[in-house]
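Structure first, commentary second.
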């Protein structure tokens, strides 16, 4: 059996450039793998957008303030609505212009935005 080694790259991206960078990746033939969020500190989240093409994994690393609004990529990759709604429900991140926004009700959670830092 042949072993395939996946090259993985992390590329920092600015909040104002996320939409256009994702559009470029789509045009280059990349597919969306996932979007995940993590709390860096009380004021900052990190969002990782992962894309793959021909065994190459490209991750866009976006650090944002906890109150930032992010442009939705659902117009480029429609299935991103799943990840964006999850991040909205768990962290409170607002995604603008989503093609399918559940408005904070995608998941049933015991408390609203349970992973948002309490200040």
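Every read-out reported here was derived from the displayed coordinates using simple, explicitly stated rules and does not represent laboratory data. Owing to the predicted nature of the structure, the values given are computational and were not obtained by experimental measurement. Methodologically, a virtual Cβ is constructed for each residue, glycine included, from the backbone with ideal geometry; neighbour enumeration extends over all protein chains shown.
If you go through the stretch 102-111 and keep only what is surrounded by 10 or more Cβ atoms within 10 Å (Cβ to Cβ) and either without any contact (Cβ under 8 Å) to a residue 12 or more places away in the chain or in contact with a helix residue (DSSP H, G or I) (Cβ under 7 Å, 6 or more places away or on another chain) (or both), you end up with 102, 104, 106, 107, 109.
Screening residue 25 on (1) surrounded by 14 or more Cβ atoms within 10 Å (Cβ to Cβ); (2) under 13 Å from the mean Cα position of the chain (by Cα); (3) outside any strand (DSSP E or B) shows it passes everything except condition (2). For the stretch 3-22, the tally of residues that are closer than 22 Å to residue 69 by Cα and part of a loop (DSSP other than H, G, I, E, B) stands at 2.
Any idea which of 35, 73 is in a strand (DSSP E or B), under 27 Å from residue 114 (Cβ atoms) and in contact (Cβ under 8 Å) with a residue 12 or more places away in the chain? Talk me through it step by step, then tell me what you get.
On the way: 73 fails: in a strand (DSSP E or B).
Exactly one residue qualifies, and that residue is 35.
Would you please name the residue that is surrounded by the most Cβ atoms within 10 Å (Cβ to Cβ), looking only at residues in the stretch 28-46 that are within 19 Å of residue 67 (Cα to Cα) and in contact with a helix residue (DSSP H, G or I) (Cβ under 7 Å, 6 or more places away or on another chain)? Here the answer is 45. When residues in the stretch 77-92 are screened for being in a loop (DSSP other than H, G, I, E, B) and either surrounded by fewer than 17 Cβ atoms within 10 Å (Cβ to Cβ) or touching a strand residue (DSSP E or B) at 6+ places or on another chain (Cβ under 6 Å) (or both), 3 of them pass. Could you tell me whether residue 61 is surrounded by fewer than 20 Cβ atoms within 10 Å (Cβ to Cβ), within 20 Å of residue 13 (Cα to Cα) and in contact (Cβ under 8 Å) with a residue 40 or more places away in the chain? Taking the combined requirement at face value, the residue satisfies it.
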